[in-house]
Structures are given as C-alpha cells and as structure tokens.
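Student: There's a structure below that I have some questions on.
The values are calculated or read from the model by the stated rules, or taken from the named source; none is laboratory data. All values reported here derive from a predicted model rather than from experimental measurement. Cβ placement follows ideal geometry from the backbone for every residue including glycine, while neighbour counts extend to all protein chains displayed. Side chains are part of the model used for accessible areas, which takes the heavy atoms of the whole protein and leaves out ligands, DNA and RNA. Shrake-Rupley method; radii C 1.70, N 1.55, O 1.52, S 1.80 Å.
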Number of protein chains: 2
Amino acid sequence: MKTVGVLLSGCGFLDGAEIRESVLTLLALDQDDIKVTIMAPDQKQYHVVDHVKSDEVKGLERNLLEESARIARGEIVPLDKVEAKDLDALIIPGGFGVAKNLCEFAFKGHQATVQEDVKKLILDLHQNKKPLGAICIAPALMGLVLGDKGVEVTIGDDKETAQEIEKTGAKHFSTKVNEIHVDEKNKVVSTSAYMYGEARLSHVSQGIRRCVEKVIDLA
Amino acid sequence: MKTVGVLLSGCGFLDGAEIRESVLTLLALDQDDIKVTIMAPDQKQYHVVDHVKSDEVKGLERNLLEESARIARGEIVPLDKVEAKDLDALIIPGGFGVAKNLCEFAFKGHQATVQEDVKKLILDLHQNKKPLGAICIAPALMGLVLGDKGVEVTIGDDKETAQEIEKTGAKHFSTKVNEIHVDEKNKVVSTSAYMYGEARLSHVSQGIRRCVEKVIDLA
C-alpha cells in the first residue's frame, strides 16, 4: 500500500491551507486506497485573517500544526519528523498559507525563501524520483525549490503570478480549473484549483482528482 | 434553481463544524447544480480545543461566524439574517460544534436547550414542509427540535447517543456509515458520517452524497 504525504499550512484560505482543496485531496487519496501522512510545520503562522472581513487580526497568534490538525482530525505529524523515505509521494494543497507560511512568495515573489523543512523534504523526494503534487498556489513553491531544474507547473491563467513563478526558472503552462499539467521529467503534477477564485467546487474537485491520480500513477 | 442552506457551527470537529463533512456537503450540492447559502450564528463559540492534543485551550475565544467563514471562503451570512422563505431546504453538517454551539446536547443530552435562531429556522422550514438534512451528531439537534413530532433519525450505531436522542421523542434507526435514514413524513434525512470516528473518508462521502441527494429530491 502506497503512502502519500499531504503537507498542510494552516486552516483557512486567507492565512492557511485552503480547506476545500485539502479535504478533496484527502478524499481522492482515500478513494484510491492510499494511506496518507498529514503533516504541517510546528510553528507560528505568519498572521491570522478574519475570513468574514478578509482583514488581518492584529495581536492574534495561531500555530500551523494545531490549525492544520482541524482538517486532519488530529491525525497529523510535525513536518520535521517526516523523511522522504517514509513517503511514496507528496501533495501540497494551496491557500495563502503556502505563500505566507511555507515560503514568502506572497511577499517577495521569486526572491522568497522557503521554510527549511519544506525545502529539504521537496528536494529529497525529487532526488529520489518520487512525485510531487502542487495545487493552487503551491506550484509557486515548486518553482522556488525546483526552478533551477526547469520545473513545469500550472497555476491556471493568472499572468502576473505565472510571470513571477517563471522568474524562478520554472516554466508555466496555462490550464483550466479542471485540468492538470504534468512535468514527467521532474515528476511534478499541478492543478490551479481556487487560483480561479470564482471556480465551482465541483470543477476544483475534478482538477484535484486528476492531480492526485497522476501523482499516484507516477509513484 | 434551488437554494439549500448549509448551517455551520465553527471550523474543526472538536469545537466546531466537522470540516470534511461540511466540504463534502458543499461538493455534493454543487455537483447537483444547487445554489447554497452558508450560514452560522454570529456569536462566541463555546470553547476552543487544541486539535493536536484534544484539550481545551483556556482563555481563548473564537467567533462562530468568523471560523465558519474559513470553510465558506468568506461567502457566509449571519444565521439571524436567514429566513425559511429564502431556502428550499437546510443541511446541517456535524462536529461537536453542533452539540456545543448550536445546542447543549454535548453537556445536557435530551434536556439541552437549542440556540434560538437555530430552533426557529428548523421549525419554520418543517412547518413549510421543506426538507432538512442532518449529518453526524446533527440528528440529535433534530430530536431536540422535532422530537415531539416523533422525528426519525440515524446517528449510526452508537447505542448511548441513540438512547439519549430517543428521550426527546425521536426514533433512532441504526445504519452503516455510507447509508442514510429517511423520515418521509417529517422530511428529515440523516447520515452518520464521522459518528463512526474511524470511518474512511470515501465512505463518509458516500453517505453525505446520498443524504444531500435525498434532501434535494424532497425539496
């Protein structure tokens, strides 16, 4: 039985992992009889956003592992306890949490640094030819880590974001919400999901299902 | 186009709405081309639970509407602004949030009181013969509001909880996780979901999909 890691970055699309993308990733994996290891960094999240007003709430602190555990129903491990040898593949759902907590892409674009454990796990998996799935804005993270390998990704058709990602050395391919892009050489599969902010959940679900299936196929 | 309300009770199964059940409800509705109105009470949640340790975090406060908005991606309305005439049906995903925030079932069993706006909306919909869907522990809430109508529900096969629900006047029927129980007379559809705590997500998804489809069918 294959084990696929799912890396979360909080709980809520404005300051953490996109909840729906995370759940749909877990659903697709379970539908294919895949064992999952859900993980998140055990560290403070960048900030907290009120999801009614879309405004930052000053003075509040939350922890990424604790918030991600809400999606994981408590079955979660700290990222620094996970090694590439324990996984057959890794999938990273999107949400601003990826661009604010797992790296600084939201603030520094292609010049962003990547959280150390995140970078190490992605590089170790890549070196061992294990596939990576990147959803929504997570392909930007792939660019930051694997741009020098000319990694191919999609984040849909947002030109500005695509251009920023290409500055890492990555190549961007435009896709629709229910489509995926596959980089066979680097074994990176991506889908845009809620990068199309107005997308229908059922279409997001189709794209994520295809992404998960291709990752499993490559594992 | 039909409009179905989805009543949330926070974000995280130990102190709020069960996240996966909420997302799967929204997915099934979107797959059937149903318009949704996501709602939650604009009030303080009973307490906050650390989902890694399963322990209450003393001194922390969160708001139900703000936390539910994480699942709703900001597209949410305060419960007291929703009227039965605006909806063709209502579905309530589970999680301890239902039993701690929407009513007191977690603490007082069949003697629990129900949050006023929740009670009013359920009664108004019932009176207008509009169907209700209740997932996981939400059938206990149906018992508290519609027990005197002899409402029929399922929460799976947890005998103690079922007995407590029957003290409201409701009738309980045992089911498997991917099954539903339909009370045609009261137009109440229920499914156990994560009342089976170890259930597979794909099986929970099947039960919720059936529940949502039957609710739409009755609407």
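Student: Output the relative contact order of chain A, whole-number percent, from Cα pairs under 8 angstrom with separation of 6+ residues. Don't skip to the end; give the middle numbers.
Tutor: Values: 537 pairs, mean separation 43.0, N = 219.
Dividing the mean separation by the residue count of chain A yields 20 percent.
Student: Still on this structure, I have one more. Highest first, please rank the peptides B:203-211, B:57-65 by the mean number of other Cβ atoms sitting within 10 Å of their residues.
Tutor: Details: B:203-211: 23.3, B:57-65: 15.2.
Top of the packing list down: B:203-211, B:57-65.
Student: Non-local amide H neighbours of residue A:133 (under 5 Å, H modeled in plane, Pro and chain starts lacking H): which ones?
Tutor: For residue A:133, whose amide H was placed from the backbone, the distant partners under 5 Å are A:90, A:91, A:92, A:189.
Student: Would you please give the residues with an amide H less than 5 Å from that of residue A:77, counting only those at least 5 places away or on a separate chain, with H modeled from the backbone geometry?
Tutor: Distant-sequence amide H within range of residue A:77: A:38, A:39, A:40.
Student: Rounded to whole Å, how close does chain A get to the rotation axis onto B by Cβ? Give me the residue too, please?
Tutor: A:23, 2
Student: Can you list the distances in nanometres, one decimal and ascending, from the residue B:197 label point to the identical position in each other copy, with the point 7 Å along Cα to Cβ?
Tutor: 4.0
Student: Could I ask something else about it? Report for the protein assembly as shown the percent antiparallel among DSSP-assigned beta bridges with both residues inside it, nearest 5. Could you put the intermediate results ahead of the total?
Tutor: Working: 14 of 52 bridges.
In the protein assembly as shown, approximately 25 percent of DSSP beta bridges are antiparallel ones.
Student: Averaged across A:49-55, how many Cβ atoms of other chains sit within 10 Å of each residue's Cβ atom? Don't skip to the end; give the middle numbers.
Tutor: Details: counts 4, 7, 13, 15, 3, 2, 0.
For peptide A:49-55, the averaged partner shielding equals 6.
Student: Let me ask you something else. Nm distances between the label at residue A:148 and the same-position labels in the remaining copies, 7 Å along Cα→Cβ, shortest first?
Tutor: Shortest to longest, the spacings are 7.3 nm.
Student: Would you mind giving the mean number of other chain beta-carbons within 10 Å of the Cβ of each residue in A:68-80, as a whole number?
Tutor: Mean partner-chain Cβ count within 10 Å for A:68-80: 5.
Student: Just to check I understand the Karplus step: with θ = phi - 60° and J = 6.51 cos²θ - 1.76 cosθ + 1.60, what whole-Hz values come out for the range B:103-115, glycine and proline as x?
Tutor: 7, 10, 4, 4, 10, 10, x, 5, 8, 5, 8, 10, 3
Student: Distances from residue A:35 to the same residue in each other copy, label points 7 Å out along Cα→Cβ, in nm, shortest first?
Tutor: Once sorted, the set of distances for residue A:35 reads 4.7 nm.
Student: Can you give the mean number of other chain Cβ atoms that lie within 10 Å of the Cβ atoms in peptide B:86-96?
Tutor: Mean partner shielding for this stretch: 0.
Student: Then there's this: For residue A:63, which sequence-distant residues (separation of 5 or more, or a different chain) have an amide H within less than 5 Å of its own amide H, given hydrogens modelled in the peptide plane?
Tutor: A:45
Student: Ranked highest first by average number of other Cβ atoms within 10 Å, how do B:101-107, A:82-88 line up? Mind showing how you got there, number by number?
Tutor: Values: B:101-107: 22.0, A:82-88: 16.1.
Descending mean neighbour count gives B:101-107, A:82-88.
Student: Ok, one more. Too long at a 21 Å Cα-Cα cut-off: which of B:53/B:100; B:108/B:167; A:100/B:100; A:100/A:120; B:185/B:214? Could the numbers behind the result be given before it?
Tutor: Values: B:53/B:100 19 Å; B:108/B:167 12 Å; A:100/B:100 32 Å; A:100/A:120 18 Å; B:185/B:214 13 Å.
Beyond 21 Å: A:100/B:100.
Student: Then there is this: Rounded, prolate or oblate: which one fits chain B, using the alpha carbon gyration tensor with axes a ≥ b ≥ c (rounded when a/c is under 1.5, else prolate when a/b beats b/c, else oblate)?
Tutor: On the way: a/c = 1.25, a/b = 1.11, b/c = 1.13.
Rounded.
Student: Whole Å is fine, so just give me how far the alpha carbon centre of the range A:73-87 lies from that of the range B:1-37.
Tutor: Spelled out, the Cα-based centre of one part sits 29 Å from the other.
Student: Over chain A, with every protein chain in place, what whole percent of the accessible area is carbon and sulfur at 1.4 Å, could you tell me? Could the numbers behind the result be given before it?
Tutor: On the way: 3850 of 8700 Å².
That fraction is 44 percent.
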